[in-house]
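Single-structure report; data block below.
The values are calculated or read from the model by the stated rules, or taken from the named source; none is laboratory data. Quick caveat, the model's predicted, so the values are computed rather than measured. Here the Cβ positions follow ideal geometry from the backbone for every residue, glycine too, while neighbour counts run over all protein chains shown. To get the accessible areas, we keep the full protein, side chains included, count just its heavy atoms, and leave off ligands, DNA and RNA. Shrake-Rupley method; radii C 1.70, N 1.55, O 1.52, S 1.80 Å.
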Amino acid sequence: MLWVALELPALPLQIVERGGISRQPCVVSEGPAQRPLVVCANAAAKAAGIREGQAVAAAKALAGELRAIPRDERSERETLERLAAWALQFTPMVALDGQGIVLEVASSLRLFEGHAKLSSAIRRGVHDLGFHATLGIAPTAFAARTFARAEARGLQVRACLDAAHLRERLADLPLFFLDWPEKTLARLTDLGILRLRDMLELPSEGVARRFGPEIVASLGHLIGRLADPRLPYVPPPRFHARLELPAEADGVEALLFPLRRMLVEFEGAMRGRGAGVQRLDLVFDHGRKARTRLALDFASPEREAEFILAIAREKLGRLTLSASTVAVALHAEALLGYLPRNAAWLPGASEQAIDRARLIERLTARLGNDRVFGIAIKDDHRPERNWSAACARKRRASAERTIAGRRPAWLLHRPQRLLAQDGQPGFQGPLELLAGPERIEAGWWDGAEVSRDYYVAMNANGETYWIFREHRSQQGWYMHGVFA
């Protein structure tokens, strides 16, 4: 087995600043309402002299414009769960672990061409989500998490791919990277046991008697001597995400940055499930229970962040927000099966159809549903009445019908009378009849009856036309369409 651990240092602050970095001093606090303490501080707050563990009142004395946000442990848990759902695109085995997640990736190495490319893809993806995470790679989940914590503290630890080298890589790491009780760590410090090397050299029986069997079990999980089963994360059947903005956003452009991060998260979660959506709901929160809702509808299941962002940008450009936005939410209620689109050097019919569908989506988003039309086939045999302008979205359903016989791409608005000599029609020279007749008799029920014999005809220049003559009057010839 091979595990990759993601550790998110200062997770409460990362959640606050995910929607955008604030230049204003900002801290996350927790503790009693009478004396809350600073848990995390951003760069501007640290530059003002504010430190973790400091009282918020003292911090405000250093920075009068300080913004103190109470810690929200529920939001932290939901963030880790959504991160785990996003990570399912790399492996089906993802589990929550402390302030991060762990991924079992042994079965995914071949797909990603080795652990180096896989870890690079994970790092790049986490950055696109708006998070900062450190990575640890080891044969056990506990060791991988310990390596990730070491990197978060500034220690460089090489990835360990072989269990035979695990003890050696762990030996020099301090004990405080482990989730052991503070009393246990204090007693070990008093005994001069500061690093894992010292702990691993002690006899297990003595450690169990003095510090408890859970410490021995923890060491066994760390070096792989004992099994360390993890409960895989199972995502919910729907997708919901909400992102608080660091400051009120005015205008559409300011919303695209946080929206892109949310859509990247959405795409990863959908890749992990092999799913897409035909409808996404965006909710822009303006405070005081005021919200603006925007629905994104697609002709077929979609999940690609850049395409959805392009559609959202077009629709937002036509939307007037009632007030400044303080938060953005993304909801997908119905997850559908998704067929991945493979890039082709020479696109075939299916790829071209997808491109056409996406073009219609872009035009509809920019101009509106009532301004993008296509041609829909009607149940009428008369050529001038068997089509109508229809909404481009609705047109796709009717476009699957077919009409018997060959039809021109260009139908004249009104049939044009042709000259005939000795009963032979002509247009820029005599016309040779290539196919026909195709008789069309219809319209007797609505007073616009037609009774025609249609032919495909070509002149000496190779130009092909669709012509007819009245069935009951064999004298007159008419041109009704042009093939080429």
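Before moving on, here are some points about what is shown:
- Set Asp281, Asp297, Asp250: member being touching a Ser or Thr at 6+ places or on another chain (Cβ under 8 Å), among the charged types (D, E, K, R) and under 16 Å from Leu316 (Cβ atoms): Asp250
- Number of residues in segment 131-167 that are of a type in the set (Phe, Trp, Tyr) and either open to solvent by 40 Å² or more (accessible area, probe 1.4 Å) or in contact with a His (Cβ under 6 Å, 6 or more places away or on another chain) (or both): the value is 1.
- Restricting attention to segment 372-414 and to residues that are under 22 Å from Leu309 (Cβ atoms) and of a type outside the set (Gly, Ala, Ser), the residue that is modelled with the highest pLDDT turns out to be Val372.
- The one condition from (1) under 25 Å from Ala269 (Cα atoms); (2) modelled with pLDDT under 90; (3) open to solvent by less than 30 Å² (accessible area, probe 1.4 Å); (4) not basic (Lys, Arg) that Glu351 does not meet is (3).
- Scanning segment 14-42 for residues that are open to solvent by 60 Å² or more (accessible area, probe 1.4 Å) and basic (Lys, Arg) gives Arg23, Arg35.
- For Gly251, the conditions (1) surrounded by fewer than 16 Cβ atoms within 10 Å (Cβ to Cβ); (2) closer than 30 Å to Ala68 by Cβ; (3) at pLDDT 90 or above; (4) among the small types (Gly, Ala, Ser) all hold with the exception of (3).
- Figure legend. Inter-residue proximity from segment 314-338: first residues assigned to a helix (DSSP H, G or I), second residues of a type in the set (Val, Ile, Thr), beta-carbon distance below 6 Å, spacing 6+ or different chains. Indicated pairs: Leu316/Val252.
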